[in-house]
2 protein chains.
Amino acid sequence: MDELPAAGDVLDAAARIAGHVAVTPVLRSRALDVLAGCTLVFKAEHLQPGGAFKLRGATNAVRALDAEAAARGVVTHSSGNHGAALAIAAQAHGTPCHVVVPDNAVAAKLENMRRHGARLHPCPPTQAAREATCVQVQAETGATLVHPYADARVIAGQGTAALELLQQAGSLDAVVVPVGGGGLAAGTALALAAAAPDCRLVLAEPAGAADTARALAAGVRQTDFVPDTVCDGLRAVLGEPNFRILQAAGAEAAVVDDAATLAAMRLLWQELKQVVEPSSAIALAAVLAQPQRFAGLRVGVVLTGGNVDLEALPWRA
Amino acid sequence: MDELPAAGDVLDAAARIAGHVAVTPVLRSRALDVLAGCTLVFKAEHLQPGGAFKLRGATNAVRALDAEAAARGVVTHSSGNHGAALAIAAQAHGTPCHVVVPDNAVAAKLENMRRHGARLHPCPPTQAAREATCVQVQAETGATLVHPYADARVIAGQGTAALELLQQAGSLDAVVVPVGGGGLAAGTALALAAAAPDCRLVLAEPAGAADTARALAAGVRQTDFVPDTVCDGLRAVLGEPNFRILQAAGAEAAVVDDAATLAAMRLLWQELKQVVEPSSAIALAAVLAQPQRFAGLRVGVVLTGGNVDLEALPWRA
């Protein structure tokens with residue numbers, strides 16, 4: 001990916017995916033406002049089909065293909081929310097979908113992709129095997145690779161969540177999103193450039209995978225780390241285009257301990273009545289951890305996903 | 001209460017409480033639609049402040065008082081969602097609020113009422129002591145009794161949830177609500193009379209407290225039973241005015257086992273990502289239990305409350 005997506009690409013993506021993804025509601029809680037000392041506006045992206053914002057980027061990527069490429073299909077490697085989102089987006093568009101999955105992946109997640117018509121390609125659970133299998137599927141089928149986050153169309157699609165939030169909530173002083181590979185983070189940076197250039201972008205990142213915070217501080221990507229966090233959606237290394245976009249946007253990082261994330265998750269269940277996963281709750285945790293940073297502001301918080309094992313709630317472990 | 005509320009009272013209530021209660025979102029789930037074999041439109045009243053639809057009736061009752069009565073205050077007997085809702089509604093209106101509470105009530109619920117400025121009056125946990133204490137508080141303070149459900153203003157206020165649902169969702173073939181004392185049920189009957197006279201009203205009721213089903217079948221209220229159900233919000237006897245309204249409206253009852261309610265609760269958490277209590281989930285359970293009754297219809301389901309003890313989830317008991 002040489003050409004970085006720009007602010008206008010988020011506007012194009014919003015037009016392209018309209019009617020094919022949910023307009024998710026904005027939620028409020030007086031109790032959480034009091035606790036945080038600011039006005040919190042939650043964008044409920046965990047209510048997208050598939051239970052995550054990922055449907056936005058996947059839908060934009062699939063629907064941007066020309067007819068010939070769409071007929072050949074799409075391929076990705078992800079056993080998580082992106083794989084399911086791409087399956088749903090491709091099925092809705094009548095496009096074949098291939099997903100390369102590690103052979104130790106959770107059966108329920110594989111079944112979810114299969115249910116949406118994806119053809120699964122098991123491979124050994126290493127990065128090298130994943131990429132090799134992906135290349136092989138591309139060669140055999142002519143399918144287009146849709147990377148989970150280091151992809152211009154995916155980034156632009158994810159940015160539509162913040163765009164929609166601004167339309168629903170009006171002016172915001174800051175938007176807080178979780179950061180892993182950086183698809184949502186970079187997309188949000190572009191959305192703010194397009195629609196709210198004075199709004200700050202804060203990236204909530206787990207202490208056990210804080211490569212983005214270190215990258216922004218050092219001015220160079222940090223790829224040498226072993227992630228250790230309960231936020232299973234935020235373990236990836238920040239993508240290269242994602243890094244460049246976030247650096248140019250002056251995004252700020254906020255590093256959060258897992259204990260704070262789990263406490264925030266419990267608050268979101270109790271007060272906002274929303275089933276969100278740890279990788280979502282970290283954004284509220286970032287606000288609660290630094291009250292002086294957000295005091296009195298109007299703060300948008302993107303709730304990114306709600307895919308949780310109800311039999312294994314972390315506060316009961 | 002001699003004069004029954006009428007359809008027009010729900011329209012008046014909607015105008016009176018506008019801006020003082022939340023406009024709650026309508027939620028959808030393709031997975032649940034497939035499972036149910038019909039189109040489900042969920043009205044998220046568990047997202048009201050206080051975590052329940054009860055704020056509608058309480059706000060209507062408080063704001064319908066003249067200035068002199070409002071200054072004297074309101075009183076009720078409820079250790080559950082109505083007590084908290086009345087405290088919130090009264091505090092927002094600057095009206096004193098008294099709540100008679102059994103001295104074995106849950107501390108967290110009492111603290112919640114106190115936090116919203118309510119003055120608590122403990123009494124022994126019997127119906128007789130509750131009513132006597134309530135009369136005593138009325139005599140001492142001149143406060144107006146706001147009964148949890150057998151009250152015209154409360155019934156009309158609760159009906160605004162269905163009115164708003166119809167405005168948001170468009171035409172519906174049926175609306176399903178839980179029934180306990182019957183405030184929401186009777187209010188919904190009036191709302192449908194006002195805005196959707198051809199829409200069926202189905203009352204979801206726990207098998208262990210199915211007095212409404214028996215009352216509608218027998219044509220006379222059934223007061224001689226000991227409730228036994230996990231739906232702690234639905235243990236009350238159907239109120240007298242509530243019965244008359246539901247009977248006149250031709251409401252249908254659907255009796256649901258607790259096991260089916262808990263299974264539906266889990267589905268709402270898993271698929272709709274909503275933290276709802278058993279007394280809410282029973283409405284979805286009623287639909288899933290009788291697929292032929294709802295096949296192919298557009299069905300509104302009111303999610304009534306989300307106040308759950310996260311440390312004691314029923315499917316882990």
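Things worth noting here:
- Residue in the stretch A:290-303 that is closer than 29 Å to A:V154 by Cα, at pLDDT below 95 and over 20 Å from the mean Cα position of the chain (by Cα) present: no
- Restricting attention to the stretch B:209-252, the residues that are closer than 23 Å to B:A174 by Cα and touching an Asp or Glu at 6+ places or on another chain (Cβ under 6 Å) total 3.
- Within the stretch A:138-153, being under 14 Å from A:A70 (Cα atoms) and out of contact with any helix residue (DSSP H, G or I) (no Cβ under 8 Å at 6 or more places or on another chain) holds for one residue alone: A:Q138.
- When the test is whether a residue is within 14 Å of chain A (Cβ to nearest Cβ) and surrounded by fewer than 20 Cβ atoms within 10 Å (Cβ to Cβ), B:L35 passes it.
- Which listed residue, of A:A193, A:A169, A:A213, A:A143, is within 21 Å of A:K109 (Cβ to Cβ), over 15 Å from the mean Cα position of the chain (by Cα) and at pLDDT 95 or above: A:A143
- Note on the stretch B:261-275: among residues that are within 18 Å of B:G233 (Cβ to Cβ) and among the polar types (S, T, N, Q), the one that is surrounded by the fewest Cβ atoms within 10 Å (Cβ to Cβ) is B:Q274.
- Hey, A:L284 of a type outside the set (K, R) and over 19 Å from the mean Cα position of the chain (by Cα) or not: no
- Within the stretch B:292-307, the residues that satisfy the criterion of being of a type outside the set (A, V, I, L, M) and within 14 Å of chain A (Cβ to nearest Cβ) are B:T304, B:G305, B:G306, B:N307.
- Count - residues of the stretch B:272-301 that are out of contact with any Ser or Thr (no Cβ under 7 Å at 6 or more places or on another chain) and either part of a strand (DSSP E or B) or of a type in the set (S, T, N, Q) (or both): 5
- Applying a threshold of 9 Å to beta carbon distances and a minimum spacing of six or more residues, or different chains, the list of pairs starting in the stretch A:250-271 at a residue that is within 14 Å of chain B (Cβ to nearest Cβ) and within 10 Å of A:I282 (Cβ to Cβ) and ending at one that is of a type in the set (D, E) and not in a strand (DSSP E or B) reads A:M265/A:E277.
- Restricting the stretch A:182-197 to residues that are surrounded by fewer than 24 Cβ atoms within 10 Å (Cβ to Cβ) and in contact (Cβ under 8 Å) with a residue 12 or more places away in the chain, the residue that is farthest from A:A152 (Cα to Cα): A:A196
- Elements of type helices (runs of 4 or more DSSP H) contained in the stretch A:162-271, each with 1 or more residues being polar (S, T, N, Q) and farther than 15 Å from A:G300 by Cα: A:211-218, A:240-249, A:258-271
- Counted residues, the stretch A:25-52 - those being touching a Phe, Trp or Tyr at 6+ places or on another chain (Cβ under 8 Å) and of a type in the set (V, I, T): 1
- Checking each residue in the stretch B:41-76 for being away from chain A (no Cβ under 14 Å) and buried (at least 24 other Cβ atoms within 10 Å of the Cβ) picks out B:K54, B:R56, B:G57, B:A58, B:T59, B:N60, B:A61, B:V62, B:V74, B:V75, B:T76.
- Candidate set from the stretch B:276-291 (those that are surrounded by fewer than 24 Cβ atoms within 10 Å (Cβ to Cβ) and out of contact with any Cys (no Cβ under 9 Å at 6 or more places or on another chain)); member that is farthest from the other protein chains (Cβ to nearest Cβ): B:Q290
- Members of the stretch B:308-317 found to be in a loop (DSSP other than H, G, I, E, B) and either more than 9 Å from chain A (Cβ to nearest Cβ) or surrounded by fewer than 19 Cβ atoms within 10 Å (Cβ to Cβ) (or both), listed by number: B:D309, B:L310, B:E311, B:A312, B:L313, B:A317
- Which numbered condition B:D2 misses (of (1) modelled with pLDDT under 95; (2) under 25 Å from A:L27 (Cα atoms)): (2)
- Qualifying residue in the stretch A:67-78 (condition: over 18 Å from A:V99 (Cα atoms) and in contact (Cβ under 8 Å) with a residue 24 or more places away in the chain): no
The values are calculated or read from the model by the stated rules, or taken from the named source; none is laboratory data. Computed from a prediction, not measured in an experiment: that's the story for all the values here. Every residue, glycine as well, gets a Cβ built from its backbone with ideal geometry; the counts of neighbours run over all protein chains shown.
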